[in-house]
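Q: Below are the structure tokens for one structure; questions will follow.
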Amino acid sequence: MSTRRIYLDHSATTPLDERVFQAMQPYFSEIYGNPSSVHQFGQEAEAAIEQARQDIATIFHCQPQEIIFTSGGSESDNLAIRGAAFAARQNHKGNHIVTQALEHSAVGRTFKQLEEVFGFEVSYVPIDKEGRVTPYALRSVMRDDTVLVSIMYANNEIGTINPITELAAVAHEYGAIFHTDAVQAAGQLDLNVSHLGIDLMSISGHKFYGPKGIGALYVRHDTPIIPIQTGGSHEFGLRSGTHNVPSIVGMAKALQFAYQEREKHIEHYQLLRDRLIDGILNTIEDVRLTGSRTERLPSHASFVFKHIDANNMLMALDAKGIAASSGSACKTGNPEPSGVILALGYDLEWAMGSLRLSVGRQTTLEDIDYTLEILPQVVTVGRKLWTPIA
Ligand SMILES: Cc1ncc(COP(=O)(O)O)c(C=O)c1O
């Protein structure tokens, strides 16, 4: 085991910013009232929530009442998609909903459930070889009865950024609502909702140095959507449940810091990311960059390696102190390829060996150079262990 600890899994989660931690602390102790209570204890907590809502709205360029607090990216996706689909049904609009194969499971499985349990008709937009959804491809599946389109802003596994403004415009031509999962984009890409022209947008606190278990959904003011969690009518009736005050405060602070300091961080990420990509492509054989070289998240590098089981690779890297991740899952010792990599057209000889390396604020050039030294050794050993697929 190595004594080094290099964290290259910032797309999975980021550490909490120390300044955010400080800002959250009073809401665990002194300021403990229930924000729904009329007394001063409650109103102090309520004021903090409304300030957080205002701060996020400033970054989104929207009205504060268009921000709904949720328990994270998954819940925001569920509320957006199921809420909009159910509202369309209630209003006797169409029954056709659209997404694509590379979505996070919070979107993908919600669409599956809407299809299998609730009888919606789902179409999947074809993707290009870099995993991008083009406006042309979206247009090819749109119909007059399409009520909802959900396409992610940036992909978690391959980092590809989609042309959201153009895609939203196509959806609107057909009178459909447009949702984007911006969970990976938040903290790095433009979140101005009037530039993007979207109706619904999901974010999650823990991807931009905020706390885990907190998220938000932007709901454009005239968007027909009904709650999926009913109860005491919190959050303008769209999401019931007593507010997680410290985390709401923390998420808003984290987003503010991320956008105040964005240029500096993006420059740092891109330098490290490009060094990783060039170093890996130049020194290792039979490796491909997955996703786009240019239209990709600044912090994100992802690859497929031929004839290697990614789970072996992850364990070997971990033993050398490098934390990375893969889209391939190891379920009870039975490795499975990444669905995203398969959808991009790679066969099993490649799809078992996907690797994601995502850099962050604390990552250094030395961390990258150490990774570039270790990875070729890990790949060489891993390939010796490869058993051909029958
Ligand atoms: C693209 C995307 N959507 C949704 C989620 C789920 O977010 P959360 O972990 O906050 O539920 C993730 C988390 O990895 C993600 O990457």
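Q: From the list GLY197, GLY187, GLY232, GLY213, which residue is at positive phi and more than 16 Å from the ligand (Cβ to nearest atom)? Write out each step before concluding.
A: Values: GLY187 fails: more than 16 Å from the ligand (Cβ to nearest atom); GLY232 fails: at positive phi; GLY213 fails: more than 16 Å from the ligand (Cβ to nearest atom).
Result of the check over GLY197, GLY187, GLY232, GLY213: GLY197.
Q: Moving to a separate point now. Check ARG53 against each of (1) charged (D, E, K, R); (2) away from the ligand (no atom under 16 Å from the Cβ); (3) open to solvent by 80 Å² or more (accessible area, probe 1.4 Å) and name the one condition it does not meet.
A: It fails just one condition, (3).
Q: Would you say GLU50 is over 26 Å from GLY159 (Cβ atoms) and at pLDDT 95 or above? Even if it seems obvious, please write down each step before you answer.
A: Details: over 26 Å from GLY159 (Cβ atoms): yes; at pLDDT 95 or above: yes.
So GLU50 passes the test.
Q: I've got another one for you. Looking at (1) open to solvent by 40 Å² or more (accessible area, probe 1.4 Å); (2) within 25 Å of THR3 (Cα to Cα), can you tell me which one ARG262 breaks?
A: Unmet condition: (2).
Q: Under the condition of being in contact with a Phe, Trp or Tyr (Cβ under 9 Å, 6 or more places away or on another chain), open to solvent by 40 Å² or more (accessible area, probe 1.4 Å) and not in a helix (DSSP H, G or I), which residue from segment 1-36 is modelled with the lowest pLDDT?
A: So the residue we want is ARG4.
This table checks each residue for (1) open to solvent by 60 Å² or more (accessible area, probe 1.4 Å); (2) more than 22 Å from ALA182 (Cα to Cα); (3) touching a residue at least 40 places away in the same chain (Cβ under 8 Å).
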| residue | (1), (2), (3) |
| --- | --- |
| GLY291 | no, no, yes |
| VAL304 | no, yes, yes |
| ASN312 | no, yes, yes |
| ARG356 | no, no, yes |
| LEU385 | yes, yes, yes |
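Q: Are any residues in segment 162-184 in contact with a Leu (Cβ under 8 Å, 6 or more places away or on another chain), closer than 13 Å to ARG296 by Cα and more than 12 Å from the ligand (Cβ to nearest atom), and if so, which ones? Lay out the reasoning, then the answer.
A: Taking segment 162-184 first, the residues in contact with a Leu (Cβ under 8 Å, 6 or more places away or on another chain) are 164-165, 167-168, 170-171, 176-180, 182, 184.
The next check asks that each one be closer than 13 Å to ARG296 by Cα; those that pass are 184.
Of everything in segment 162-184, nothing turns out to be in contact with a Leu (Cβ under 8 Å, 6 or more places away or on another chain), closer than 13 Å to ARG296 by Cα and more than 12 Å from the ligand (Cβ to nearest atom).
Yes or no, residue by residue, for (1) among the basic types (Lys, Arg); (2) out of contact with any Phe, Trp or Tyr (no Cβ under 6 Å at 6 or more places or on another chain); (3) within 18 Å of ILE226 (Cα to Cα):
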position	(1), (2), (3)
HIS39	no, yes, no
ALA45	no, yes, no
ALA48	no, yes, no
GLN54	no, yes, no
THR70	no, yes, yes
ALA80	no, yes, yes
ARG109	yes, yes, no
GLN113	no, yes, yes
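Q: Output the strands (runs of 3 or more DSSP E) that fall wholly within segment 207-318 and possess 2 or more residues being closer than 19 Å to TYR370 by Cα, or say none.
A: Numbers: elements: 215-219, 287-289, 300-305.
Ranges flagged: 300-305.
Q: Moving on. Give me the pairs, please: first residue somewhere in segment 165-193 and among the charged types (D, E, K, R), second residue anywhere and open to solvent by less than 10 Å² (accessible area, probe 1.4 Å) and within 12 Å of the ligand (Cβ to nearest atom), beta-carbon distance under 6 Å, and either six or more positions apart or on two chains.
A: Partner pairs satisfying both residue conditions: ASP181/ASP77; ASP181/VAL107; ASP181/MET152; ASP181/SER202.
Q: Checking ASN244 against (1) buried (at least 23 other Cβ atoms within 10 Å of the Cβ); (2) more than 30 Å from VAL133 (Cβ to Cβ), only one condition comes out false. Which one?
A: Exception for ASN244: condition (1).
Q: Considering only helices (runs of 4 or more DSSP H) fully contained in segment 61-141, which possess at least 1 residues that are within 16 Å of the ligand (Cβ to nearest atom) and of a type in the set (Phe, Trp, Tyr)?
A: 105-116
Q: Identify, please: which residue in segment 112-135 is farther than 19 Å from ALA343 by Cα and out of contact with any Asp or Glu (no Cβ under 9 Å at 6 or more places or on another chain) and is, among those, most open to solvent (accessible area, probe 1.4 Å)?
A: Once the filter is applied, the top-ranked residue is GLU116.
Q: So which pairs qualify, if the first residue must be in segment 203-217 and within 13 Å of ALA12 (Cα to Cα) and open to solvent by less than 10 Å² (accessible area, probe 1.4 Å), the second must be near the ligand (Cβ under 10 Å from one of its atoms) and β-branched (Val, Ile, Thr), the Cβ gap must be under 9 Å, and the two must be at least 6 apart or on different chains?
A: Partner pairs satisfying both residue conditions: SER204/THR70; SER204/VAL183; SER204/ILE214; GLY205/ILE214.
The values are calculated or read from the model by the stated rules, or taken from the named source; none is laboratory data. Computed from a prediction, not measured in an experiment: that's the story for all the values here. All Cβ positions, glycine included, derive from the backbone under ideal geometry; neighbour counts span all protein chains shown. Surface areas here come from the heavy atoms of the whole protein model, side chains and all, with no ligands, DNA or RNA. Shrake-Rupley method; radii C 1.70, N 1.55, O 1.52, S 1.80 Å.
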